Amino acid sequence: ARILLPLLLALLVSLSVHRLWCAEPVGYELVGPTMGTTYSVKIAEPLDAPREQQLRGVIEATLERVLALMSTYRENSELSRFNRARPGDWFEISGETGEVLATAQQVSELTGGAFDVTVGPLVNLWGFGPDGRPERVPVDSELDAAFARTGYRHLELEAGRARRQRDLYVDLSAIAKGYAVDLVARKLREAGVNNFLVEIGGELKGVGRKPDGSPWRIAIESAHEGSRRVQRVVRVEGTGIATSGDYRNYFEHDGVRYSHTIDPATGRPVAHGLASVTVIDPSAARADAMATALMVLGPERGYRLAEEQQLAVFFIIRQDGTFIERHTPDFSLYLEPES
């Protein structure tokens, strides 16, 4: 979900939408590095220097908390220690990690395992993980070994603790940024801010409105490779939004294209025509996870599930050398009219 661009001024496809928004003379923007990417918080309320400093402290303390708990790059994070714990032993976890794991497991159950926080060994095997292995097609014996370390049903949760029934590797990267967006939004509301847009690595949440009273507007990026074009524009108010796509992170081998989206059921990259999925949900964490799951399920199964569950989802599908749009009825509530 790294491919959503904020809009505040008139939509100009030829310009960088994010830069255009940052140039808006009203409101305040707080930015910085986090979680291997960047954060941006737009605040549509007056701020003096002490208030700005206070809010920056709130934001950065919140993001540091999420990293301390859920980073797989920090050896002493709560998640890293959990992954090193002996399989079968209960491990005490924080309320935040428990909240993320519970949401992840709910999405896993809803999608029949299309979302799975234990899929990391397979992602690494195909060269899309932090190990940065060479781009090649694994052999069956390697897939079998990686499969032995996956399976969300082998992850147990209770109040304040969790355990791995086998040597799982739990990676929350497909949901943690969305959760961080939710948590920053929660902390800003507690600090008395009522109108803002939080973005972390492409996951967003808009609360309240812009200074002119209009809703926050977000551009969904098209799936055309090699350029950044705007596909459609949506309004968000009190909701999170996330996108998952396969058109920027893939490799080709012997003329076959391999997506970074791994199907936990097969252990292999997905092979269907779905190029991008955008999900709008009150929870940015759930939107983040659902976007990944629907990307795995594909244009037919994914759409059926989204429609059955009354989810607000927008699909971009490859078809006969071009791209077509499809969205659920619930997504229509957020779409801006096409110009």
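If you take the square roots of the eigenvalues of the alpha-carbon gyration tensor of the range 47-112 and sort them as a ≥ b ≥ c, do you get rounded (a/c under 1.5), prolate (a/b over b/c) or oblate?
oblate
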Margin query: Could you tell me what a quarter of the Cα convex hull surface of the range 252-336 works out to, in nm² with one decimal place?
Written below: 6.5 nm²
Next item on the list: Rank-order 171-179, 48-56, 96-104 by packing density, defined as the average count of other C-beta atoms within 10 Å over each peptide's residues, highest first.
Entry: 171-179, 96-104, 48-56
Note to self: Quick check: the distance between the Cα centres of the range 44-90 and the range 262-292, to the nearest angstrom?
What the structure shows: 24 Å
Next item on the list: Quick one: go through the range 268-298 and flag any residue whose amide nitrogen is under 11 Å from the point 7 Å out along the Cα-to-Cβ line of Arg326.
Entry: 273-275, 298
Checklist line | Sequence ranges 325-337, 62-74, ranked by mean other-Cβ count within 10 angstrom, highest first | finding: 62-74, 325-337
Check: Once phi is turned into θ = phi - 60°, what whole-Hz ³J(HN,Hα) does the Karplus curve with 6.51, -1.76 and 1.60 give for every residue of the range 83-98, x standing for Gly and Pro?
Finding: 5, 8, 5, 5, x, x, 8, 6, 10, 6, 10, 6, x, 5, 5, x
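No lab work stands behind these numbers, since they all come straight from the coordinates. Since the model is a prediction, treat every value here as computed from it, not as a measurement. A quick note on method: Cβ atoms are made from the backbone with ideal geometry, for glycine too, and the neighbour counts reach across all protein chains shown.
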